[in-house]
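Comments concern the structure below.
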Amino acid sequence: MMSRLPIVGVMGSGVVEHTRRAACLGRWLAEQGVHLLTGGGGGVMAAVSKAFYEVPDRRGLVLAVLPSAETSGVPKAGYPNEWVEIPILTHLPLSGESGTQPLSRNHINVLTSDVIVALPGSAGTASEVMLALSYRRPIVGFLNSAEEIPGLPRQVPVHSDFAKVRRFVKDGIGMSS
């Protein structure tokens, strides 16, 4: 029987790439033999996907749960980014401040992830963090400070030290050192 690869969700800004953090995280995740899951858009989602995708001989794939243009099942403009290997189409149009509503793909992103890393973002990222807490998914902020995600709950651990983020992810997916 073939065991499934862990899925690590990376959430963050759909506009700003935060390239240094996203790239080192994406490369490292690809080297760990996991799948990467994002919302499939620009910004952090594109930067982490590109870094993951460009690692040679990786086992995992770049997955993305895409928002719909209204409830048509057609992805919103700009989705998916060019590094998404498995786009998951939805009928779900809501995001941003409406990211915790039932018609948001954020529920699928969070529930599908074994562990979640939040990079800097705004209302959409904050809604994914809230969902991760409500669904009791392990989540860590790869942030310089909690202010990089507005309203970040205090119970979310925040680390600027990438070694601590790596340890959290490994622990979250049951990976030995």
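Taking the numbered list (1) in contact (Cβ under 8 Å) with a residue 12 or more places away in the chain; (2) out of contact with any Pro (no Cβ under 6 Å at 6 or more places or on another chain); (3) of a type in the set (A, V, I, L, M) in turn, Val115 passes all entries but (2).
For the stretch 5-21, the criterion of being of a type in the set (A, V, I, L, M, F, W, C), buried (at least 19 other Cβ atoms within 10 Å of the Cβ), out of contact with any helix residue (DSSP H, G or I) (no Cβ under 8 Å at 6 or more places or on another chain) and at pLDDT 95 or above is satisfied by no residue at all.
When the stretch 97-112 is examined, which residues are found to be free of Cβ contacts under 8 Å to residues at least 40 places away in the same chain, in contact with a helix residue (DSSP H, G or I) (Cβ under 7 Å, 6 or more places away or on another chain) and either β-branched (Val, Ile, Thr) or under 16 Å from Pro75 (Cβ atoms) (or both)?
Pass one, the stretch 97-112, residues free of Cβ contacts under 8 Å to residues at least 40 places away in the same chain: 97-104, 107, 111.
If we keep only those that are in contact with a helix residue (DSSP H, G or I) (Cβ under 7 Å, 6 or more places away or on another chain) too, we end up with 97, 99-100, 104, 107.
Across the stretch 97-112, the qualifying residues are Thr100, Ser104.
In the stretch 27-45, the qualifying residues are those that are aliphatic (A, V, I, L, M) and in contact with a strand residue (DSSP E or B) (Cβ under 6 Å, 6 or more places away or on another chain), and the one that is nearest to Ala126 (Cα to Cα) is Met45. The number of residues in the stretch 77-89 that are surrounded by 17 or more Cβ atoms within 10 Å (Cβ to Cβ) and of a type outside the set (A, V, I, L, M) comes to 4. Screening Leu152 on (1) of a type outside the set (Phe, Trp, Tyr); (2) under 15 Å from Thr38 (Cβ atoms); (3) free of Cβ contacts under 8 Å to residues at least 40 places away in the same chain; (4) not in a helix (DSSP H, G or I) shows it passes everything except condition (2). Of all residues in the stretch 131-165, those satisfying the criterion of being open to solvent by less than 80 Å² (accessible area, probe 1.4 Å), closer than 15 Å to Gly9 by Cα and out of contact with any Leu (no Cβ under 9 Å at 6 or more places or on another chain) are Ala132, Leu133, Pro138, Val140.
Show me the strands (runs of 3 or more DSSP E) entirely contained within the stretch 30-147 in which 3 or more residues are within 17 Å of Val169 (Cβ to Cβ) and at pLDDT 95 or above. Show your work before the answer.
Numbers: elements: 35-38, 62-65, 86-88, 115-118, 139-142.
Correct list: 35-38, 115-118, 139-142.
With respect to (1) under 24 Å from Arg20 (Cα atoms); (2) open to solvent by 20 Å² or more (accessible area, probe 1.4 Å), the lone exception for Leu111 is condition (1).
Please go through the stretch 93-108 and pick out each residue that is in contact with a strand residue (DSSP E or B) (Cβ under 6 Å, 6 or more places away or on another chain) and open to solvent by less than 30 Å² (accessible area, probe 1.4 Å). If the condition is that a residue be in contact with a strand residue (DSSP E or B) (Cβ under 6 Å, 6 or more places away or on another chain) and open to solvent by less than 30 Å² (accessible area, probe 1.4 Å), then Pro93, Ser104, Arg105 are the ones that fit.
The values are calculated or read from the model by the stated rules, or taken from the named source; none is laboratory data. Predicted, not measured: the structure shown is a model, and the values here were computed from it. Don't worry about glycine lacking a Cβ; one is built from the backbone with ideal geometry, like all the others, and counts go over all protein chains shown. To get the accessible areas, we keep the full protein, side chains included, count just its heavy atoms, and leave off ligands, DNA and RNA. Shrake-Rupley method; radii C 1.70, N 1.55, O 1.52, S 1.80 Å.
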